[in-house]
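I have placed the structure first, in the form of structure tokens, so that the comments after it can refer back to it.
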Amino acid sequence: MSYGIEWFPPAAALGAVLLLIVPGFALIALAVVALAAVVALAAAMVAVPYLLGRSIRRHLAERHQSATGSMRARTLQPATNRVRFIRAATEDPS
């Protein structure tokens, strides 16, 4: 069991009070949050083209696989039906 969650509310309260009391800390915190937002935006701008291309490739591969798989299933269907019929006929009903 992790006890880290128990320390969060007092730490958050202390941080909020500290930011209200010392304006310099508030300015530093604002700069850190703004920098994190810029980094997150840059990461999203870099990741979106890669993820979009990967998604399109996966979609096209699934379409190709389903098209070839459906043809294979149609050609094998009579044979598999015969096998099922023979297995059902030869199984012991009790």
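The values are calculated or read from the model by the stated rules, or taken from the named source; none is laboratory data. As the structure is a computational prediction, the values presented were derived from the model and not from experiment. Note that each Cβ is placed from the backbone with ideal geometry, even for glycine, and that neighbours are counted across all protein chains shown.
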Would you mind stating whether ALA79 is of a type in the set (Gly, Ala, Ser) and at pLDDT below 70?
yes
Search region 1-34 for residues being in a helix (DSSP H, G or I) and aromatic (Phe, Trp, Tyr), and hand back the single one that is surrounded by the most Cβ atoms within 10 Å (Cβ to Cβ).
PHE25
